[in-house]
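Taking it in order: structure first as structure tokens, then the write-up.
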Amino acid sequence: SASSGMKFVASVLDRQLPPRIGVPEIAFLGRSNVGKSSLLNRLSSFSRKQAGFNDEARVGKTPGATASVNLYAFYNKKEKPLLGFVDLPGFGYAKLSKDIKESVQQTAERYLDTRRELVLGILLVDIRRVPTEDDRIVLAALYDMGVPIVVVATKVDKISSNSLERQLLDIRNGLGLPEGQPLCVSSVTGEGTKQLWNVIMEGAEI
Ligand code: GDP
């Protein structure tokens with residue numbers, strides 16, 4: 001049916017921002033391959049189960065997606081949008097040409113700086129990697145702009161429980177995070193996704 005589920009709303013290029021649809025928005029950030037689309041899909045199917053939604057659009061990698069801002073929305077069965085997920089690909093990380101990179105940076109910054117609907121930023125980092133200077137710059141920029149932020153470590157199924165604690169500490173210390181962060185998720189096993197969904201719902205006050 002076309003009446004419920006997660007829907008793709010818009011992908012905008014050339015310094016535009018997505019249309020406002022009057023619902024709280026969550027922005028997802030992180031370097032490419034960090035597992036963002038997998039997580040968005042996992043959250044989508046998770047929310048569908050929880051709220052009785054039908055799944056619709058899968059979050060995919062469309063051509064040009066690295067240079068665009070993508071908005072997805074969860075609709076309830078009455079076609080009422082409830083929540084928006086905004087994918088800010090490449091912000092702070094883009095391996096792109098200089099021109100495109102500047103355009104992406106400016107668009108993402110403008111979005112983060114001005115969007116009244118934005119309630120939470122989610123910065124994804126790979127559990128297996130030591131945080132980079134890029135991660136620190138993105139995080140500092142979000143703090144500067146007053147965006148509430150949660151750091152999420154992806155792909156936790158990929159490391160042994162022995163090295164998990166060590167990696168968590170490296171990420172927490174490397175990014176100066178509070179106790180309890182990063183949250184750990186796996187889009188393969190689903191670990192941590194319910195917790196993250198709850199954090200999102202709290203942030204959006206839904
Ligand atoms: P994006 O570029 O950030 O959107 O990253 P993708 O979601 O496309 O994931 C990049 C790669 O990592 C793909 O090969 C995924 O299958 C893999 N991947 C993503 N999330 C997980 C995870 O939780 N566990 C494992 N084992 N692999 C994952």
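The values are calculated or read from the model by the stated rules, or taken from the named source; none is laboratory data. The shown structure was predicted, so the numbers you read here are calculated from the model rather than taken from an experiment. No Cβ is skipped: glycine too gets one built from the backbone with ideal geometry, and neighbour counts run over all protein chains shown.
Pull up region 89-123, narrow it to residues that are within 16 Å of the ligand (Cβ to nearest atom) and in a helix (DSSP H, G or I), then point me to the one that is modelled with the highest pLDDT.
First, the residues of region 89-123 that are within 16 Å of the ligand (Cβ to nearest atom): 89-96, 104, 108, 121-123.
The next check asks that each one be in a helix (DSSP H, G or I); those that pass are 104, 108.
Details: VAL104: 71, ALA108: 82.
Only one residue fits best here, namely ALA108.
Only one of these conditions is not met by VAL151: (1) within 16 Å of the ligand (Cβ to nearest atom); (2) in a helix (DSSP H, G or I). Which number is it?
The failed condition is (2).
Does VAL86 count as within 20 Å of GLU202 (Cβ to Cβ), at pLDDT 65 or above and either within 13 Å of the ligand (Cβ to nearest atom) or touching an Asp or Glu at 6+ places or on another chain (Cβ under 6 Å) (or both)? Even if it seems obvious, please write down each step before you answer.
Working: within 20 Å of GLU202 (Cβ to Cβ): yes; at pLDDT 65 or above: yes; either within 13 Å of the ligand (Cβ to nearest atom) or touching an Asp or Glu at 6+ places or on another chain (Cβ under 6 Å) (or both): yes.
So VAL86 fits the description; yes.
One residue is enough: does region 140-152 have a residue meeting the conditions without any contact (Cβ under 8 Å) to a residue 60 or more places away in the chain, within 22 Å of LEU43 (Cα to Cα), in contact with a Lys or Arg (Cβ under 8 Å, 6 or more places away or on another chain) and surrounded by fewer than 14 Cβ atoms within 10 Å (Cβ to Cβ)?
No, that holds for no residue.
If you go through region 125-137, how many residues are more than 14 Å from LYS155 (Cβ to Cβ) and either touching a Lys or Arg at 6+ places or on another chain (Cβ under 9 Å) or assigned to a loop (DSSP other than H, G, I, E, B) (or both)? Don't jump to the end; show me each part of the working.
Taking region 125-137 as the starting set, the residues that turn out to be more than 14 Å from LYS155 (Cβ to Cβ) are 130-137.
Subsequent filtering for residues that are either touching a Lys or Arg at 6+ places or on another chain (Cβ under 9 Å) or assigned to a loop (DSSP other than H, G, I, E, B) (or both) retains 130-132, 134-135.
The total comes to 5.
Within the set of pairs 6 or more residues apart or between chains, which connect a residue that is farther than 20 Å from GLU109 by Cα and within 6 Å of the ligand (Cβ to nearest atom) inside region 26-37 to a residue that is of a type in the set (Lys, Arg) and not in a strand (DSSP E or B) with Cβ atoms less than 9 Å apart?
Close Cβ pairs satisfying both conditions: VAL34/ARG129; VAL34/LYS155; GLY35/LYS155; SER37/ARG58; SER37/LYS61.
For region 185-200, which residues satisfy the criterion of being in contact (Cβ under 8 Å) with a residue 12 or more places away in the chain, more than 21 Å from TYR143 (Cα to Cα) and more than 10 Å from the ligand (Cβ to nearest atom)?
Correct list: LYS194, GLN195, TRP197.
Take ALA2 and decide whether it is surrounded by fewer than 21 Cβ atoms within 10 Å (Cβ to Cβ), assigned to a loop (DSSP other than H, G, I, E, B), at pLDDT below 65 and more than 15 Å from the ligand (Cβ to nearest atom).
On the way: surrounded by fewer than 21 Cβ atoms within 10 Å (Cβ to Cβ): yes; assigned to a loop (DSSP other than H, G, I, E, B): yes; at pLDDT below 65: yes; more than 15 Å from the ligand (Cβ to nearest atom): yes.
So ALA2 passes the test.
Considering only residues that are of a type in the set (Phe, Trp, Tyr) and at pLDDT 90 or above, which ones fall in region 18-46?
Residues of region 18-46 of a type in the set (Phe, Trp, Tyr): 28, 46.
Scanning region 18-46 gives a single hit, PHE28.
Each row is one residue, and each column tells you yes or no for (1) touching a Ser or Thr at 6+ places or on another chain (Cβ under 6 Å); (2) of a type outside the set (D, E, K, R).
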residue	(1), (2)
LEU112	no, yes
ARG116	no, no
GLU133	no, no
ALA141	no, yes
VAL147	no, yes
ARG172	no, no
VAL185	yes, yes
VAL199	no, yes
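Looking for something in contact (Cβ under 8 Å) with a residue 40 or more places away in the chain, surrounded by 19 or more Cβ atoms within 10 Å (Cβ to Cβ) and not aliphatic (A, V, I, L, M) - is there at least one such residue anywhere in region 123-134?
Yes: one or more hits.
Scan region 164-184 residue by residue and report those that are within 16 Å of the ligand (Cβ to nearest atom), exposed (fewer than 15 other Cβ atoms within 10 Å of the Cβ) and not aliphatic (A, V, I, L, M).
Within region 164-184, the first condition is being within 16 Å of the ligand (Cβ to nearest atom), and the residues that meet it are 164, 167-168, 171, 182-184.
After this cut, where a residue has to be exposed (fewer than 15 other Cβ atoms within 10 Å of the Cβ) as well, the list is 164.
Listed by number, the list is empty, since nothing qualifies.
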